Amino acid sequence: MADDGSASNRRDPIKSSVGHVAGQRRRQQAVTVAKERRELLVRAKRLCRVGTNGDVEDALVENEMMIDEEQPILEAQAIKSVEELKSAVQYQGKGAMQKRVTALRELRRILSKSEFPPVEAALSAGAIPLLVQCLSFGSPDEQLLESAWCLTNIAAGKPEETKALLPALPLLIAHLGEKSSAPVAEQCAWAIGNVAGEGEDLRNVLLSQGALPPLARMIFPDKGSTVRTAAWALSNLIKGPESKAAAQLVKVDGILDAILRHLKKTDEETATEIAWIIVYLSALSDIATSMLLKGGILQLLIERLATSSSLQLLIPVLRSLGNFVAVDPKAVLTILIREQNTEESIIGVLAKCLRSEHRVLKKEAAWVLSNIATGSIEHKRMIHSTEVMPLLLRLLSTSPFDIRKEVAYVLGNLCVESAEGDRKPGIIQEHLVSIVRGGCLPGFIELVRSPDIEAARLGLQFIELVLRGMPNGEGPKLVEGEDGIDAMERFQFHENEELRVMANSLVDKYFGEDYGIDE
Amino acid sequence: MGRWIRYSPGRIQLTNRSGGNVQLDAHFMFVRETKTKILNFFCFVQLRRRWLGELGFPYWNPIRRRFSPDSPFFASGNVERELLAKQVALDLTEDEINHLQKFVETESRRISCPIVGCPERLKSLDHFEDHYNARHTASCSVCSRVYPTSRLLSIHISEAHDSFFQAKVARGYDMYECLVEGCGLKFKSYKARHQHLIDKHKFPSTFEFFKKTQLSKKRREKLQRQHVSRLKHEEDKEAASSDAMEVEDKASVDGLVSALSTLTTSDTTPSNVSFGRRHGRGLTFVPRSVHKEKRTESSSAPGPTN
């Protein structure tokens, strides 16, 4: 028996097989397409704003072109305006406040005309120290408002521009307090939101300066645009991936009640921001998760899923639901059982998402179902007996790859008992048979052929279920009939050893020398 | 039907046409002599000491899956949200706001195709995907293989799906074009073109323009029934004796996809590596015309000895 000294000898020719090259090409193609799509979407959003001229005829006109025409003008205006502000701040005489406000307003206008304000010019002219000065305590509201507005737009640009706001942060946070007028507080929250949206480092700075509690309190009122802006800023602040901000948020008295209240009643835009807060809480804080569950959040999420058609709202709501299910299937399933007969049952809303035209909803709904399907036999039966099944089977054959993978998880989980310990998990033959008869096998075999290792693994695992679990030994014939053997034999020389071993062992066990001997 | 002789486990060495060789450990090796004295050789190659038995297989086990907020799993759902990470506070008149909203709703929905020279504007990511697949990937409508250029696609279609092409090949015309643009040379056979690519254009010997998929017996039979009578002739041959079926000559072996499959024990001895299937299926990685071509060749040559 050869030993490992010759391992490299054995590996090389296998690795250089053409199948490997083809697989690599496919993968590269997939990555390129994905990257291009992402860039497309970002560009589209940037293209949507209009310059000062209001010229909107041709969307193909790149932003760069539009900027080129106006930018020098704007930049010059910005510099001039900062100079004026400087002298207004220095001026101590009569009407000083009015001068300051006028200068601020002018700067603000220049910084609010287009999606790409002349931030760099303003910064190099020394805007920040002046704006910080204008934020001092006791300043009139108008001054605070205009100053915060300027800072907001400065922070909305490139990373270095956002970082430039560091000196202003303590004051911005201070003006979030309950004594501030609502517009001022909201504008400060907006600026802080932009800073938080920049990255983890700035988030940490904000947290250490105590930004979270006042911001959290701003979402207590029942309504108003302030609530929405503050909720958005808060979601940026806690998004992690570190969990300490989320943990701090949970400790704010009354915050979870406010969240539940808004989820239930408020308008869709605000609910969207609240939902993102819930996404992060449910992913990052176990305390928040259990308290929200106790507070009945699942029912509220299900209601929103049932009634809303806004994609922006549905995504975070669905994801929150998914996070709760992923953390604590039992809790969810208790509700499942209770609500089984109502239209707004969890299965019903997940079916609605599966039927949606939006890729993200389909994929994440399937993910949620796959986790529910890891529960007890009753829970699997519950999924299996509903409208969801034909939807899943159809999605397995027709939808894009990432959705198919999630659907595969659902279907496989439905067919297998959730095992304890090391024993081989038992097959639920009734489910397996009906799913296979529903025509799932081509879809799984297709997954076996995909370049994605995880998908191929799933496909092989499901094929093993079919080979082992179908009654009357039909398994091998069914697999062969769908070119399953071909798909598996492609793994003979696959670069991934685990898949090679899996495929080879199946072929050997079920399609060995004796196979077909009676034909 | 020859009997299978079992050899003890050991190291086997296989050599390819260019002289490269590889060594494998065969833990089972069965060699069979057939009526025509061509060896069939079936070996089970184990690459690890661990047995690929029941204990090794990772059975399907339902486990819940949880992802952190920044996991790539959520990336597609996060795309729009990421764009809102920072927001500019714009100061627009009522008119400008309306104009902007209309603009956003209609025009910005359309995304320009990023491929140079393509004027297409798409409504959504899914539309883009469809457009991309339709226009910027050359995929065969018959068998779904994808090629990087339309020229290669059309070469593929002629060679793989066009019976007129095959007819001309059979009559001895030079039909197989060199794949390198600008070369212009044409060849009478797939193999000759293949050799030209290696000799003249430095292609790797393992490159295969046409990798035939292995079909199940049922599919093969079905496809064959759909073709003209000369292929029916093939089918009759197949049905007649499974031994003759297992006569695989060296040229057919050359057509195989995987590196291992292109190896033969020597230049004159054929080999068929398969995985335990009784009816030798190992060599379907050959375009039908090559298979047919070589079949006529081999009927005149004496069987190699080993």
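Against the test of being within 14 Å of chain B (Cβ to nearest Cβ) and either touching a strand residue (DSSP E or B) at 6+ places or on another chain (Cβ under 8 Å) or β-branched (V, I, T) (or both), the options A:I372, A:I347 yield a single qualifying residue, A:I372. Residues in region A:223-232: is at least one more than 22 Å from A:E142 (Cα to Cα), in a helix (DSSP H, G or I), touching a His at 6+ places or on another chain (Cβ under 9 Å) and not acidic (D, E)? Within region A:223-232, one or more residues are more than 22 Å from A:E142 (Cα to Cα), in a helix (DSSP H, G or I), touching a His at 6+ places or on another chain (Cβ under 9 Å) and not acidic (D, E). Here the helices (runs of 4 or more DSSP H) wholly within region A:124-169 that include at least 3 residues being acidic (D, E) are A:141-154.
Table: residues versus (1) more than 20 Å from A:S345 (Cβ to Cβ); (2) crowded, with 23+ Cβ neighbours inside 10 Å; (3) without any contact (Cβ under 8 Å) to a residue 12 or more places away in the chain; (4) of a type outside the set (G, A, S).
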residue: A:I372; (1), (2), (3), (4): no, yes, no, yes
residue: A:I377; (1), (2), (3), (4): no, no, no, yes
residue: A:H384; (1), (2), (3), (4): no, no, no, yes
residue: A:E387; (1), (2), (3), (4): no, no, no, yes
residue: A:P400; (1), (2), (3), (4): yes, no, no, yes
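When A:K80, A:K99, A:K86, A:K113 are screened for being in contact (Cβ under 8 Å) with a residue 40 or more places away in the chain, over 25 Å from A:G177 (Cβ atoms), surrounded by 15 or more Cβ atoms within 10 Å (Cβ to Cβ) and over 38 Å from the mean Cα position of the chain (by Cα), only A:K86 passes.
Inside region A:417-446, can you point out the residues that are surrounded by fewer than 19 Cβ atoms within 10 Å (Cβ to Cβ) and part of a loop (DSSP other than H, G, I, E, B)? Scanning region A:417-446 gives A:E417, A:A419, A:E420, A:G421, A:D422, A:R423, A:K424, A:P425, A:G426, A:G438, A:G439. The condition of being touching a Lys or Arg at 6+ places or on another chain (Cβ under 9 Å) and of a type outside the set (F, W, Y) holds for only one of A:E406, A:E474, that being A:E406. Counting only helices (runs of 4 or more DSSP H) that sit wholly inside region A:281-331, those with at least 1 residues that are in contact with a helix residue (DSSP H, G or I) (Cβ under 6 Å, 6 or more places away or on another chain) and facing chain B (nearest Cβ under 9 Å) are A:311-327.
Checking the stated criteria, B:R171 turns out not to satisfy the condition of being within 13 Å of chain A (Cβ to nearest Cβ) and at pLDDT 80 or above. All of B:F203, B:F165, B:F187, B:F207 fail the test of being modelled with pLDDT of 70 or more and touching a Ser or Thr at 6+ places or on another chain (Cβ under 8 Å), apart from B:F165.
Return yes when A:A196 is within 20 Å of A:L135 (Cα to Cα), within 10 Å of chain B (Cβ to nearest Cβ) and touching a Leu at 6+ places or on another chain (Cβ under 8 Å) and no when it is not. For A:A196, the condition - within 20 Å of A:L135 (Cα to Cα), within 10 Å of chain B (Cβ to nearest Cβ) and touching a Leu at 6+ places or on another chain (Cβ under 8 Å) - is met. Checking each residue in region A:143-191 for being more than 23 Å from A:V227 (Cβ to Cβ) and surrounded by fewer than 17 Cβ atoms within 10 Å (Cβ to Cβ) picks out A:K158, A:P159, A:E160, A:K163, A:L166, A:P167, A:P170. In region A:434-448 there is no residue matching the filter, namely being away from chain B (no Cβ under 12 Å), without any contact (Cβ under 8 Å) to a residue 40 or more places away in the chain and small (G, A, S).
The values are calculated or read from the model by the stated rules, or taken from the named source; none is laboratory data. Treat the numbers as computed from the prediction; the structure is a model and nothing was measured. Please note: Cβ atoms are built from the backbone with ideal geometry, for glycine as well, and neighbour counts cover all protein chains shown.
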